[in-house]
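Here is the structure we will look at.
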Amino acid sequence: MALEDVLDRWKAGIAAHDPEAVAANFTEDALFQGLKPYGVGRAAVAAYYDSQPAGMTVEYEILETREMAEDLVLGYSKVDFSFVDRPTLTLYLSVLVRGDLIAHYQVSRLG
């Protein structure tokens, strides 16, 4: 499944603290909304992950998927960001994957 493949590559880039590897999983014009103001494009994604602490890792569980069109999948996942010096942060992630790249990414806190 393209969704799992791209999330696995995203996860590996985060674990390696390699912002450019993380950003390579996004389209050139991706809309990106982390827990800071949104950005557009791979440079914004790389800058966001470059600001994250070394040692951060992520685990995800895909909760729902929808095939929106040929080669376009919407995914909704629970994600746990783990840190070496603070508690795990649980967020919910919606991504729109076009082909094998993320075109839209948005996290939210629930509860």
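The values are calculated or read from the model by the stated rules, or taken from the named source; none is laboratory data. These figures come from a predicted structure and were not determined experimentally. A quick note on method: Cβ atoms are made from the backbone with ideal geometry, for glycine too, and the neighbour counts reach across all protein chains shown.
Summary of computed values
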| quantity | calculated |
| --- | --- |
| Among (1) surrounded by 13 or more Cβ atoms within 10 Å (Cβ to Cβ); (2) closer than 13 Å to His104 by Cα - the single one Glu28 does not satisfy | (1) |
| Of all residues in the stretch 81-111 being of a type in the set (A, V, I, L, M, F, W, C) and not in a strand (DSSP E or B), the one that is modelled with the lowest pLDDT | Leu110 |
| Failed criterion for Asp5 (all others in (1) of a type outside the set (Phe, Trp, Tyr); (2) surrounded by fewer than 18 Cβ atoms within 10 Å (Cβ to Cβ); (3) not in a helix (DSSP H, G or I) hold) | (3) |
| Residue selected from the stretch 11-34 under the condition among the aliphatic types (A, V, I, L, M) and in contact with a Ser or Thr (Cβ under 9 Å, 6 or more places away or on another chain), by the criterion nearest to Arg98 (Cα to Cα) | Ile14 |
| Within the stretch 33-77, considering residues that are assigned to a strand (DSSP E or B) and in contact (Cβ under 8 Å) with a residue 60 or more places away in the chain, the one nearest to Ala15 (Cα to Cα) | Ser77 |
| Residues (among the acidic types (Asp, Glu) and at pLDDT 95 or above) located in the stretch 28-70 | Glu28, Asp29, Asp50, Glu59, Glu61, Glu64, Glu67 |
| Boolean, Ala12 is surrounded by fewer than 16 Cβ atoms within 10 Å (Cβ to Cβ) and either touching a residue at least 12 places away in the same chain (Cβ under 8 Å) or outside any loop (DSSP other than H, G, I, E, B) (or both) | yes |
